[in-house]
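Presented below is the structure to which this report refers.
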Amino acid sequence: MGLGHKFKEVKKAYTEANKLLGDLIKVTPSSKIVGDLAQFMVQNSLTRAEVEERADELSFPLSVVEFLQGHIGIPHGGFPEPFRSKVLKSMPRVEGRPGASLPAMDFQALEKQLRETHGDDITPEDVMSAAMYPKVFQEFKEFTSTFGPVDCLHTRLFLDGPKIAEEFEVELERGKILHIKALALGDLNKAGQREVFFELNGQLRSVLVKDTVAMKEMHFHPKALKDVRGQVGAPMPGKVVEVRVKEGQRVEKGQPLCVLSAMKMETVVNSPLSGSVTKIYVTTDSSLEGDDLILEITE
C-alpha cells in the first residue's frame, strides 16, 4: 500500500479507527476492518474528528462500509452513530444474523467448477477458501500460476528479494533443493523491465523482471487538485477494478463512481458532489497512486 514507512502513524491511527468503529477490535475480520480504516486515515491525512465530520462524503474502504451495513453481524453495544448513518445514507442494511439469509452452498458444484477452471489438483481446503473468499482465492490462483510456489521462499526474500552476491537455498520438496546466487541487475528497458542475472545450481541464468519501483517513478498521471472540489482523486493507491459511470452522466453526491483494489482491500470511490461527469481519466485495470485524478465533475 506504500505505507510501510509510516508504520508508527498507522499504529496510532489504528487506535483512533477502533474508537470510530465502537471499539470493534476482537479478531479477524473485525481487526482487518479497523486496519483498513487506519490505513485510509493515514493515506489521506485524516484525524478521527475529520473522519466523523466528513463521513457523508468520504470514500471509505469497502470492508468498513460492509461492516456498517451489518455484513458480519451486529457488534456488542450496537453500531456507532451518527457515523453509521452518515456513511451509509440510503444504502441497504442487513437485519439480524447475516448467515440466516445466505443461500445454501453446493460444495460439490463448486468443486466441479474449480476443477474445470484450475485443474484436478483442487483440495478440500481450496474449496472452502473459494467458498468463503472467492475473489481472494481467484487472485491467489492467478498469482501462483504466474510465479509458482512462492511459499517455499523465506519471508525476507519474498518481500525484498535477494541482495547482490547473496546465496540462498529453496527447498521445492523434501530432498529437492535449488542453490541460487544473485549476480547482477541489468539496465531498465522501455517496458520497465530489468534483466536479472543469477546462478542456479552453478549454471548462469537470466530472466526479465518487471521493476515495480521504477514503474511507479515512470508513472505520469495527473493529480487531483485538492482545492478543486469537482476533481475526484484516488483515496488510496490501487488498481481500478470497475468504473461505474460514463462521461456526460449525471451523478448525485455520495453515488459510487468506481472501485479500487489493493492488498485485499477494496475502496468504493463516491462522488463528493452532485453534477455531471465531464471527463474520466481511468479505465478498468488502471494502476493509480494516491491522489491520482480519476474523473472530473461539474455542478
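May I ask you to list the residues in region 202-247 that are in contact (Cβ under 8 Å) with a residue 24 or more places away in the chain, more than 24 Å from Gln39 (Cα to Cα) and of a type in the set (Asp, Glu)?
Scanning region 202-247 gives a single hit, Glu247.
Within the bounds of region 124-131, is there any residue that is surrounded by fewer than 13 Cβ atoms within 10 Å (Cβ to Cβ) and either of a type in the set (Val, Ile, Thr) or in contact (Cβ under 8 Å) with a residue 60 or more places away in the chain (or both)? Steps first, please.
At the first step, the residues of region 124-131 found to be surrounded by fewer than 13 Cβ atoms within 10 Å (Cβ to Cβ) are 124-125.
Going one step further and asking which of them are either of a type in the set (Val, Ile, Thr) or in contact (Cβ under 8 Å) with a residue 60 or more places away in the chain (or both), we end up with none.
Within region 124-131, not a single residue is surrounded by fewer than 13 Cβ atoms within 10 Å (Cβ to Cβ) and either of a type in the set (Val, Ile, Thr) or in contact (Cβ under 8 Å) with a residue 60 or more places away in the chain (or both).
Starting from region 136-160, take each residue that is under 16 Å from Glu171 (Cα atoms) and surrounded by fewer than 11 Cβ atoms within 10 Å (Cβ to Cβ) and list its partners that are modelled with pLDDT under 90 and not polar (S, T, N, Q), counting only C-beta distances under 8 angstrom and pairs at least six apart or across chains.
Within 8 Å, the pairs are Pro149/Leu172.
Report whether or not Leu204 is under 22 Å from Asp56 (Cα atoms), among the aliphatic types (A, V, I, L, M) and open to solvent by 80 Å² or more (accessible area, probe 1.4 Å). Walk me through how you get there before you give the answer.
Details: under 22 Å from Asp56 (Cα atoms): no; among the aliphatic types (A, V, I, L, M): yes; open to solvent by 80 Å² or more (accessible area, probe 1.4 Å): yes.
Taking the combined requirement at face value, the residue does not satisfy it.
Restricting to region 161-176, give me the number of residues that are open to solvent by 70 Å² or more (accessible area, probe 1.4 Å), among the aliphatic types (A, V, I, L, M) and closer than 25 Å to Thr144 by Cβ. Reasoning before the result, please.
Quick first cut of region 161-176, residues open to solvent by 70 Å² or more (accessible area, probe 1.4 Å) only: 163-164, 167, 169, 171-176.
After this cut, where a residue has to be among the aliphatic types (A, V, I, L, M) as well, the list is 164, 172.
Subsequent filtering for residues that are closer than 25 Å to Thr144 by Cβ retains 172.
Qualifying residue count for the region: 1.
So which residues in region 1-29 are modelled with pLDDT under 85 and either of a type in the set (Gly, Ala, Ser) or not in a helix (DSSP H, G or I) (or both), if there are any at all?
Once the filter is applied, which keeps residues that are modelled with pLDDT under 85 and either of a type in the set (Gly, Ala, Ser) or not in a helix (DSSP H, G or I) (or both), region 1-29 yields Met1, Gly2, Leu3, Gly4, Gly22, Asp23, Leu24, Ile25, Lys26, Val27, Thr28, Pro29.
Quick one: in region 75-101, which of the residues that are among the aliphatic types (A, V, I, L, M) and within 25 Å of the chain's Cα centre (by Cα) is farthest from Pro237 (Cα to Cα)? Even if it seems obvious, please write down each step before you answer.
Initial filter on region 75-101 (among the aliphatic types (A, V, I, L, M)): 87-88, 91, 94, 100.
Cutting the leftovers down to within 25 Å of the chain's Cα centre (by Cα) gives us 87-88, 91, 94.
On the way: Val87: 21, Leu88: 23, Met91: 25, Val94: 30 Å.
Checked region 75-101; the qualifying residue farthest from Pro237 (Cα to Cα) is Val94.
Can you find even one residue in region 189-201 that is without any contact (Cβ under 8 Å) to a residue 60 or more places away in the chain, out of contact with any strand residue (DSSP E or B) (no Cβ under 8 Å at 6 or more places or on another chain), within 22 Å of Val150 (Cβ to Cβ) and loosely packed, with under 14 Cβ neighbours inside 10 Å?
Scanning region 189-201, I find no residue that is without any contact (Cβ under 8 Å) to a residue 60 or more places away in the chain, out of contact with any strand residue (DSSP E or B) (no Cβ under 8 Å at 6 or more places or on another chain), within 22 Å of Val150 (Cβ to Cβ) and loosely packed, with under 14 Cβ neighbours inside 10 Å, so the answer is no.
Tell me which residues, restricted to region 243-256, are open to solvent by 20 Å² or more (accessible area, probe 1.4 Å) and either closer than 19 Å to Leu58 by Cβ or over 22 Å from the mean Cα position of the chain (by Cα) (or both). Lay out the reasoning, then the answer.
Let us first name the residues in region 243-256 that are open to solvent by 20 Å² or more (accessible area, probe 1.4 Å), namely 243-244, 246-250, 252-253, 255-256.
Of everything in region 243-256, those that are open to solvent by 20 Å² or more (accessible area, probe 1.4 Å) and either closer than 19 Å to Leu58 by Cβ or over 22 Å from the mean Cα position of the chain (by Cα) (or both) turn out to be Arg244, Lys246, Glu247, Gly248, Gln249, Arg250, Glu252, Lys253, Gln255, Pro256.
Table: residues versus (1) under 21 Å from the mean Cα position of the chain (by Cα); (2) small (Gly, Ala, Ser); (3) surrounded by 14 or more Cβ atoms within 10 Å (Cβ to Cβ); (4) closer than 19 Å to Val64 by Cα.
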residue	(1), (2), (3), (4)
Gly230	no, yes, yes, no
Cys258	yes, no, yes, yes
Met263	yes, no, no, yes
Thr267	yes, no, yes, yes
Ser271	yes, yes, yes, yes
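Taking the condition open to solvent by 70 Å² or more (accessible area, probe 1.4 Å), farther than 19 Å from Ser261 by Cβ and touching a helix residue (DSSP H, G or I) at 6+ places or on another chain (Cβ under 8 Å), does Glu9 pass?
Details: open to solvent by 70 Å² or more (accessible area, probe 1.4 Å): yes; farther than 19 Å from Ser261 by Cβ: yes; touching a helix residue (DSSP H, G or I) at 6+ places or on another chain (Cβ under 8 Å): yes.
The answer is yes for Glu9.
Scanning region 274-299 for residues that are more than 21 Å from the chain's Cα centre (by Cα) and in contact (Cβ under 8 Å) with a residue 60 or more places away in the chain, which turns out most open to solvent (accessible area, probe 1.4 Å)? Give the derivation first.
Filtering region 274-299 down to residues more than 21 Å from the chain's Cα centre (by Cα) leaves 274-280, 296-299.
Subset that is in contact (Cβ under 8 Å) with a residue 60 or more places away in the chain: 296-299.
On the way: Glu296: 46, Ile297: 11, Thr298: 69, Glu299: 162 Å².
Applying the filter and picking the extreme gives Glu299.
The values are calculated or read from the model by the stated rules, or taken from the named source; none is laboratory data. For clarity, every value in this text was computed on a predicted model and none was experimentally measured. Note: ideal-geometry Cβ built from the backbone for every residue, glycine included; neighbour counts use all protein chains shown. The protein model used for the area step is the full one, side chains on, heavy atoms only, and it has no ligands, DNA or RNA in it. Shrake-Rupley method; radii C 1.70, N 1.55, O 1.52, S 1.80 Å.
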